[in-house]
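> Sharing a structure with you now.
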Amino acid sequence: MLLKPKTVEEQALLLLKDGSLGTVELLEKINSSRAGTTKQAFYQALRKLRKEEVVVLYSKRVSLSHIWIEKMSDYLSKAKMNYGAIEKPNEDFLILEDGEKVSYNFKNPTTMDIFWGHAFGILSNKIAKDEAVLIHNPHEWFLVAREESEKLLFAGISNNNRRLFLLCGKNTGLDRNVKTHFDGDRLQYHILEKPLFEKENYYINIFGNYIIEAWIDESVAKEIDDFYIKNKTIGKETIEELKHIVSKKGRNKLVISNNKRKARKMKAMFKKYFVIKK
């Protein structure tokens with residue numbers, strides 16, 4: 001039980017409810033109430049929580065995953081019915097001034113997407129109700145290899161009466177199949193004749209004046225592209241193949257910025273394909 005934590009994992013979750021903590025600080029706090037916790041046990045617990053996507057770990061800081069919080073909120077709401085959250089700037093990217101940015105590096109696209117989804121969920125709740133989340137992906141592979149978390153993020157936007165517009169840079173059969181996940185209203189999807197950007201490993205999300213940019217390892221991006229070209233349908237084996245590809249190690253970078261001028265320029269690129277409200 002989290003209110004009376006017994007394990008290192010439970011103690012960590014209890015402490016993280018008040019906001020993100022550095023790894024050293026978190027270990028110290030755990031030791032103050034659970035004396036004798038070793039570094040080995042601590043990091044083993046963190047690896048377990050990270051693998052289960054309960055926490056995200058970046059720049060030697062630990063945060064509860066936004067997606068996990070949403071899952072737990074839904075569970076507790078339903079339980080309360082049968083028998084939201086106050087905004088707090090505890091993430092470094094939430095206190096960026098206009099023109100500032102913060103950068104993160106990850107060993108593979110899957111690990112990056114765990115943190116990416118966390119930041120995406122927070123920023124999508126920060127924008128005005130009449131603004132849309134704008135996305136450009138070379139391929140929307142997240143709905144294949146990361147289906148559960150991606151659907152949860154999209155459902156959060158739709159259920160909160162917000163909108164999401166996604167531009168897909170490639171036009172393969174698998175890219176066209178993804179359209180079934182969009183309702184054409186709050187969630188809209190458009191396939192481009194050619195990508196907006198030259199780099200095939202470049203992804204961008206826009207939330208008001210906030211921007212998430214991601215660069216997937218170039219060799220992994222090439223494998224993703226090859227996967228989309230050679231496969232006509234998705235099944236259990238192909239899903240596992242794509243999951244294997246996006247778990248490969250390489251150079252993966254994610255940058256979050258607060259840049260009003262750049263965001264305005266990027267939004268203008270989407271106006272050709274969607275009705276962007278001011």
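> Return the pair list, or none, for Cβ contacts closer than 7 Å from residues in segment 254-276 that are at pLDDT below 90 to residues that are of a type in the set (D, E, K, R) and assigned to a helix (DSSP H, G or I), at least 6 apart or on different chains.
Ile276/Lys267
> Please give the number of the condition Asp183 fails out of (1) farther than 21 Å from Ile239 by Cβ; (2) in contact with a His (Cβ under 7 Å, 6 or more places away or on another chain).
Only one criterion in (1) farther than 21 Å from Ile239 by Cβ; (2) in contact with a His (Cβ under 7 Å, 6 or more places away or on another chain) is unmet by Asp183, namely (2).
> Check whether at least one residue in segment 56-63 is under 24 Å from His118 (Cα atoms), of a type in the set (Gly, Ala, Ser) and in contact with a His (Cβ under 9 Å, 6 or more places away or on another chain), and report yes or no.
Checked segment 56-63: at least one residue is under 24 Å from His118 (Cα atoms), of a type in the set (Gly, Ala, Ser) and in contact with a His (Cβ under 9 Å, 6 or more places away or on another chain).
> Here is a list of conditions, (1) touching a strand residue (DSSP E or B) at 6+ places or on another chain (Cβ under 7 Å); (2) crowded, with 21+ Cβ neighbours inside 10 Å, and Arg146 meets all of them except one; can you say which number that is?
(1)
> Let me ask something additional. Hey, can you tell me all the residues within segment 114-150 that are in a helix (DSSP H, G or I) and either outside the structural domain of Val178 (by TED's automatic domain parsing) or more than 11 Å from the chain's Cα centre (by Cα) (or both)?
Those that are in a helix (DSSP H, G or I) and either outside the structural domain of Val178 (by TED's automatic domain parsing) or more than 11 Å from the chain's Cα centre (by Cα) (or both): Leu143, Val144, Ala145, Glu147, Glu148.
> Which residue out of Gly250, Gly173 is surrounded by fewer than 17 Cβ atoms within 10 Å (Cβ to Cβ), more than 19 Å from Glu150 (Cβ to Cβ) and either aromatic (Phe, Trp, Tyr) or in contact with a helix residue (DSSP H, G or I) (Cβ under 7 Å, 6 or more places away or on another chain) (or both)?
Gly250
> Looking at segment 231-247 only, could you name the residues that are exposed (fewer than 14 other Cβ atoms within 10 Å of the Cβ) and either of a type in the set (D, E, K, R) or at pLDDT below 95 (or both)?
Lys232, Thr233, Gly235, Lys236, Glu237, Glu240
> For segment 202-220, what are the residues that are touching a Phe, Trp or Tyr at 6+ places or on another chain (Cβ under 6 Å) and either surrounded by fewer than 16 Cβ atoms within 10 Å (Cβ to Cβ) or within 16 Å of Asn171 (Cα to Cα) (or both)?
Selection gives nothing.
> Here is a further query. Would you say Gly184 is out of contact with any Asp or Glu (no Cβ under 6 Å at 6 or more places or on another chain) and closer than 23 Å to Ser247 by Cα?
Considered against the rule, which asks whether it is out of contact with any Asp or Glu (no Cβ under 6 Å at 6 or more places or on another chain) and closer than 23 Å to Ser247 by Cα, Gly184 comes out as no.
> Across segment 31-75, which residue is surrounded by the fewest Cβ atoms within 10 Å (Cβ to Cβ) among those that are of a type in the set (Asp, Glu) and outside any loop (DSSP other than H, G, I, E, B)?
Asp74
> Restricting attention to segment 197-230, and to residues there that are part of a loop (DSSP other than H, G, I, E, B) and either modelled with pLDDT of 95 or more or of a type outside the set (Phe, Trp, Tyr) (or both), which single residue is nearest to Lys253 (Cα to Cα)?
Top of the filtered list is Ile216.
> Scan segment 202-242 residue by residue and report those that are of a type in the set (S, T, N, Q) and farther than 22 Å from Phe154 by Cα.
Matches in segment 202-242: Ser219, Asn231, Thr233, Thr238.
The values are calculated or read from the model by the stated rules, or taken from the named source; none is laboratory data. Just so you know, these numbers come straight off a predicted model, no measurement behind them. Glycine gets a Cβ as well: all are built from the backbone with ideal geometry, and neighbour counts include every protein chain shown.
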